[in-house]
1. Rounded, prolate or oblate: which fits the range 1-67, taking a ≥ b ≥ c as square roots of the Cα gyration tensor eigenvalues, rounded meaning a/c under 1.5, else prolate when a/b beats b/c?
2. Rg/Rh for the range 48-189: what does it come to with C-alpha atoms and Rh from Kirkwood?
3. Find the all-direction average of the projected area of the Cα convex hull for the chain, expressing the result in square nanometres with one decimal place.
4. Quick one: if the Förster radius is 41 Å, what FRET efficiency do Ala235 and Ala79 give, using the C-beta to C-beta distance and rounding to 0.05?
5. Which of these, Ala183, Ala142, Ala12, has the largest mean-square fluctuation under a Gaussian network model of the chain (Cα springs below 10 Å)?
6. Enumerate the whole-percent occupancy of each 10 Å bin, from 0 to the last occupied one, for all C-alpha pair distances of the range 118-226.
7. Just how much of Glu102 is accessible, in Å², when a 1.4 Å probe is used and the result is rounded to the nearest 10?
8. Whole percent per 10 Å bin, from 0 to the bin with the longest distance: what is P(r) over all C-alpha pairs of the range 174-219?
Amino acid sequence: MPTLGVNIDHIATIRQARQTVEPDPIAAAVLAELGGADGITMHLREDRRHIQERDVRLLRQIVRTHLNLEMAATEEMLAIALDIKPDYVTLVPERREEVTTEGGLDVSSNIARLKDVVDRLQSNGIPVSLFIDPELYQVMAAANLKAQFVEFHTGRYAEATNEATRQKELEVLAKGAKQAIAAGLRVNAGHGLTYWNVYPVACIEGMEELNIGHTIVSRAALVGMERAVREMKQAIRGNG
Ligand code: PXP
């Protein structure tokens with residue numbers, strides 16, 4: 001069964017909504033590890049809408065499992081990654097207007113630029129994963145770049161509105177995994193996975209790690225609500 005990388009971006013989203021200090025993604029990462037997370041994942045975006053550089057630097061010191069830094073293939077991010085040295089970097093596409101990462105990286109159309117970034121990360125000892133749609137031409141392009149991993153974008157599977165489409169998208173992921181492994185790549189997946197749709201993806205042969213964020217942070221907010229309210233009632237009574 002694959003390992004679980006917990007994406008803590010949306011803990012930082014809540015903090016940034018008030019530009020305050022809580023909830024702290026560092027505390028969330030420690031608790032995620034206590035809960036059994038096999039890795040901690042975060043996306044440092046150019047616009048810093050959630051995770052901040054301070055978070056990545058502190059997490060580098062605190063994370064006991066492994067740290068996966070998602071980032072765009074820009075000079076700014078490359079400099080940060082080379083300085084912080086995460087356990088691996090996942091290169092993702094980034095558009096300012098998007099709510100979340102909307103599609104996979106177009107590796108096949110950006111070979112030259114990506115080759116430079118992949119080479120500089122790898123020559124500094126940082127393995128690279130490329131977040132791509134599960135398409136053969138993208139898999140082959142990732143293999144040509146000698147990336148260690150691909151992460152398949154599971155959005156089309158997650159957003160399927162009927163069982164037949166979901167099944168078809170699952171097959172696309174399974175076939176992509178087979179092709180990627182045959183091309184010498186290791187395979188991760190993520191995006192839009194939930195408590196309800198994760199199991200079939202986890203069963204895909206060769207799948208190594210699932211990176212999951214939104215559904216875990218959503219559930220954490222709800223399963224923690226009762227206790228949080230009880231504790232505020234106590235605080236109001238002076239027993240905080
Ligand atoms: N993997 C990558 C590359 C992502 O960009 C994201 C979203 O930030 C995820 C996994 C996690 O997606 P979700 O929050 O939908 O679980």
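The values are calculated or read from the model by the stated rules, or taken from the named source; none is laboratory data. These numbers were taken from a predicted model, which means no experiment stands behind them. Counting neighbours? That spans all protein chains shown, and the Cβs are built from the backbone with ideal geometry, glycine included. Note: areas computed on protein heavy atoms with side chains; ligands, DNA, RNA excluded. Shrake-Rupley method; radii C 1.70, N 1.55, O 1.52, S 1.80 Å.
1. Working: a/c = 1.86, a/b = 1.73, b/c = 1.07.
Prolate, since a/c reaches 1.5 and a/b exceeds b/c.
2. On the way: Rg = 15.5 Å, Rh = 15.8 Å.
Rounded to two decimals, Rg over Rh is 0.98.
3. Values: hull surface 55.4 nm².
In nm², the orientation-averaged hull projection of the chain is 13.8.
4. Numbers: r = 43 Å, r/R0 = 1.06.
So, using R0 = 41 Å, E works out to roughly 0.40.
5. Among Ala183, Ala142, Ala12, the largest GNM mean-square fluctuation belongs to Ala183.
6. 15, 42, 28, 12, 3, 0
7. 110 Å²
8. All Cα pairs, binned at 10 Å, distribute as 27, 49, 20, 4 percent.
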